[in-house]
Amino acid sequence: MTAYLEIADDSKGHELSLFCVPKHYEEDLDSVIIPSGLIKDRNLLTDIFGMASASFNECINVKTLCRTERLARDIVRDMGGHHIVALCVLKGGYKFFADLMDFIKTLNQNSDKSVPLTVDFIRLKSYSNDQSTNCVKVIGGDELSALTGKNVLIVEDIVETGRTMETLLKLLNECHPKMVKVVSLLVKRTPRSSGYRPDYIGFEVPDKFLVGYALDYNEYFRDLSHICILSDRAKEKYKV
Ligand code: IMP
Ligand code: MG
């Protein structure tokens, strides 16, 4: 089974005042649920341990801290015999994609075995306000036909219903890649899930609307480092 770090439903996250949050968003967020340090920077973890609530601490497995680094290691172990094409799902995936690529590059530089890595981008849209629309649209990016015969790693920010990823996998499979794996930084625990699970998962999160680290609400909050829970008031404020 895929290992992931579970953030419990009753986790209230961390108080905003413990972290640096842009002034223009201070009124819009309930709490910090995943500090950016936990995603990518091992040096910050000691600080987070000092601050974290008991329930959050309990679910942290020390071996899986710095999730992106560990995901990079697992991916290279499984796909590392071959050239990997990393396909970034824009826009939400861009921060996770950039950090994950950095870790894979570091592994390549520091090991006897290394794997060539190229990058492609696709832009999908399925959300309006905090609701998934039934229609997943490709609205830009590289031609998927270039992925025929390749080992493709799809890099996504969050899987909620699973519809976006199922649609993309169907499109991609029409182009006959050699291998396809999916890594998603987050998977939401929700009754709306189709049951789809990615091959690699960073964190499993409660059924809340999350923003920051490139995840948006109607294009806002991509300029926020930490992953935070959006307040109901902000959903109204930024509604389209
Ligand atoms: P799905 O098709 O329901 O699995 O939704 C996947 C897509 O919806 C993701 O790629 C995100 O772009 C967006 N999404 C789903 N949940 C959230 C959230 O909590 N915050 C921000 N974007 C989300
Ligand atoms: Mg996305």
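Consider PHE96 carefully, then state whether it is under 30 Å from LEU230 (Cβ atoms), away from ligand 1 (no atom under 16 Å from the Cβ) and buried (at least 17 other Cβ atoms within 10 Å of the Cβ).
no
Please find, within region 125-175, the residue that is nearest to VAL76 (Cα to Cα) out of those that are outside any strand (DSSP E or B) and among the small types (Gly, Ala, Ser).
Filtering first and then ranking leaves GLY149.
Being of a type in the set (D, E, K, R) and either in contact with a Leu (Cβ under 9 Å, 6 or more places away or on another chain) or open to solvent by less than 60 Å² (accessible area, probe 1.4 Å) (or both) is the filter here, so list the residues in region 128-175 that pass it.
So in region 128-175, the residues of a type in the set (D, E, K, R) come out as 130, 137, 142-143, 150, 156-157, 160, 163, 166, 170, 174.
ASP130, LYS137, ASP142, GLU156, ASP157, GLU160, GLU174, listed by residue number.
Can you pull out every residue in region 208-237 that is open to solvent by 30 Å² or more (accessible area, probe 1.4 Å), part of a loop (DSSP other than H, G, I, E, B) and more than 9 Å from ligand 1 (Cβ to nearest atom)?
ASN218, GLU219, ARG222, ASP223, SER225, listed by residue number.
Return the only residue of LYS178, LYS125 being open to solvent by 40 Å² or more (accessible area, probe 1.4 Å), within 16 Å of ligand 2 (Cβ to nearest atom) and basic (Lys, Arg).
On inspection, the qualifying residue turns out to be LYS125.
Count, please, the residues in region 9-32 that happen to be part of a loop (DSSP other than H, G, I, E, B) and open to solvent by 30 Å² or more (accessible area, probe 1.4 Å).
Total meeting the criteria: 9.
Condition check: assigned to a helix (DSSP H, G or I), more than 11 Å from ligand 2 (Cβ to nearest atom) and either under 16 Å from the mean Cα position of the chain (by Cα) or at pLDDT 90 or above (or both). Does ASP120 satisfy that? So that I can check it myself, show each step before the final result.
On the way: assigned to a helix (DSSP H, G or I): no; more than 11 Å from ligand 2 (Cβ to nearest atom): yes; either under 16 Å from the mean Cα position of the chain (by Cα) or at pLDDT 90 or above (or both): yes.
In short, no.
Looking only at residues that are within 18 Å of PHE203 (Cβ to Cβ) and of a type in the set (Asp, Glu) in region 134-175, which one is farthest from ligand 2 (Cβ to nearest atom)?
GLU160
The values are calculated or read from the model by the stated rules, or taken from the named source; none is laboratory data. Keep in mind that what you see is a predicted model, and the values were worked out from it rather than measured. Cβ sites come from the backbone with ideal geometry, for glycine too, and all protein chains shown count toward neighbours. Remember, those area values only see protein heavy atoms, side chains included, never the ligands or the DNA or RNA. Shrake-Rupley method; radii C 1.70, N 1.55, O 1.52, S 1.80 Å.
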